[in-house]
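As C-alpha cells, the structure follows; a few thoughts come after it.
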Amino acid sequence: MDLSAAPFSWQQQQWRQMLGQFRADRLAHATLVWGESGLGKTEFVSSFSALMLCQQRAAERACGSCKSCLLVKNNSHPDLQLLAPEAGSKEIKIDQVRAVTGFVNRTSHAGGAKIAIIDQAHRLNNNSANALLKTLEEPTNHTYLFLITDLPGRLKPTIRSRCQRLQFTAPTSEICREWLLERLQADVVDSVVPAASNRPLLALELAASGAVASRQEFIAALTDLSRARVPVQTPVNLAKKIGESAAIEYLLWISSILIKTILTAPAQSAAEDSSLDLCAVFSAAVISSRDLAMALLRYQQELATARKQLMSAANPNPQLIMESLLWRWSELCRQSLDCDGMALSNGIE
Ligand SMILES: [Zn+2]
C-alpha cells in the first residue's frame with residue numbers, strides 16, 4: 001500500500017472529519033465510503049487505516065517509518081485485512097467474508113485497532129452480503145470496517161443502513177487541473193480534465209491510455225461534420241473508440257467553449273488550440289450570436305439528458321444515443337452556419 005498518496009487535495013474535508021472522529025474515539029464501527037470512480041477513495045481509506053495503526057501517531061498522517069507503517073506498506077499488517085473480488089472473479093465470495101468474520105472476532109495483534117477494508121463492496125453477492133450483515137450487526141470493540149463503492153445503490157439497504165456514510169465528489173476543474181499539472185504537460189491536462197469530468201485519477205488514467213490523440217481525432221471529425229464534409233457515422237465510429245461517455249464530455253466541453261467564443265468578441269477569446277478550427281467554423285454563422293448561443297445551450301441540455309441515459313441501469317444503447325446526438329449536431333450546423341461561404345472566405349478548396 002502506498003501511504004503517502006492520500007489524502008489528496010480534494011479530500012481534506014473528509015480527512016479532517018474522520019480524523020476528528022477517530023481522535024475523539026467516536027469513529028463508526030462501519031463506514032460506507034462512496035462516490036464516483038477516479039476520486040481516490042481506496043487510497044484515502046488505505047492512508048487513513050495506516051494512520052489508525054501507526055505507532056508514532058503525532059501528526060495528521062501516518063509516520064511511514066514505524067514497524068506498523070512498514071507492515072502496512074508490505075500488505076502484511078496482521079490487524080489490517082483487505083477484501084476485494086479475487087482476480088478473474090466479479091464477485092466477493094462468502095469464503096472471503098468468512099475470513100473477515102474470523103479476523104473481526106480475533107484479538108488485535110498490536111493491541112490497537114483492527115481494520116477490514118472491503119473494496120468494490122457492490123460486488124458482494126447475496127450470500128456474502130448476508131454473512132457480512134451479521135458482522136455489522138454485532139460490532140466488536142476497536143474493530144472498524146470500511147466498505148468502498150462507486151455504486152452504493154447496488155448494496156443491500158440493510159448493509160447501507162448500518163454504515164456511517166462518507167461521500168466523495170469530483171473537485172472543481174481548477175483543483176483537478178492544479179493537481180494534474182504537477183504530473184502532466186499542460187496540453188495533455190487540457191485534454192483529459194473535461195473527458196474525466198474533473199475526476200483527477202481517472203484523468204491520469206486517460207492520459208496514460210493515449211486518450212489525447214483519440215480526442216483530437218474526434219474533434220477533427222466533429223469539425224468536418226460541422227462543415228458537412230463527412231457523414232455522421234465518421235465521428236460516431238470514433239466515439240465508439242474513445243467511449244461514448246467520454247465523447248459526450250467532449251461535446252459538452254467544446255460547446256461551452258463555442259458559447260463563450262460566440263458571446264465575446266472572437267478576437268478576445270482564448271480558445272484552446274484544438275478547438276480553433278471549430279471556432280472558425282462557427283464564426284460563419286448566418287443567424288445572430290444570441291440565437292446561435294441559445295441553440296448551443298439547448299444542445300447542451302440534450303447532452304446532459306443523454307449522459308443520464310447512458311449512466312442509467314436501463315440497458316442503454318450507446319451507439320444509438322451517439323448517432324442521434326451527432327445527427328442533431330449536424331442539423332444545428334446546417335441551420336446556423338454558412339458552410340459554403342466560410343469555405344470561400346477561408347480559402348479552403
Ligand atoms: Zn507509523
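Some notes on this structure:
- In the stretch 60-78, the residue that is farthest from SER173 (Cα to Cα) out of those that are aliphatic (A, V, I, L, M) and surrounded by 18 or more Cβ atoms within 10 Å (Cβ to Cβ) is LEU71.
- Selection count where residues are farther than 19 Å from GLN12 by Cβ, in contact (Cβ under 8 Å) with a residue 24 or more places away in the chain, in a loop (DSSP other than H, G, I, E, B) and among the aliphatic types (A, V, I, L, M), scope the stretch 168-218: 1
- The set of residues from the stretch 133-150 being touching a residue at least 40 places away in the same chain (Cβ under 8 Å) and under 30 Å from GLY38 (Cβ atoms) comprises LEU136, THR143, TYR144, LEU145, PHE146, LEU147, ILE148, THR149, ASP150.
- Pick from the stretch 220-242, criterion within 22 Å of the chain's Cα centre (by Cα) and either at pLDDT 85 or above or more than 15 Å from VAL193 (Cα to Cα) (or both), ranking: surrounded by the most Cβ atoms within 10 Å (Cβ to Cβ): ALA239
- For the stretch 291-333, the candidate set comprises residues that are assigned to a helix (DSSP H, G or I) and at pLDDT below 90; within that set, the residue that is farthest from the chain's Cα centre (by Cα) is GLN309.
A quick yes/no check of all residues on (1) among the hydrophobic types (A, V, I, L, M, F, W, C); (2) within 13 Å of the ligand (Cβ to nearest atom); (3) buried (at least 19 other Cβ atoms within 10 Å of the Cβ); (4) in a helix (DSSP H, G or I):
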| position | (1), (2), (3), (4) |
| --- | --- |
| PRO7 | no, no, yes, no |
| GLN13 | no, no, no, yes |
| GLN17 | no, no, no, yes |
| PHE22 | yes, no, no, yes |
| ALA28 | yes, no, no, no |
| GLU36 | no, no, no, no |
| SER46 | no, no, yes, yes |
| LEU51 | yes, yes, yes, yes |
| ALA58 | yes, yes, no, no |
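- Evaluation of SER65 against (1) within 22 Å of ARG123 (Cβ to Cβ); (2) modelled with pLDDT under 95 (one fails), failing number: (1)
The values are calculated or read from the model by the stated rules, or taken from the named source; none is laboratory data. Since the model is a prediction, treat every value here as computed from it, not as a measurement. Heads up, the Cβs are rebuilt from the backbone with ideal geometry, glycines too, and the neighbour counts pull from every protein chain shown.
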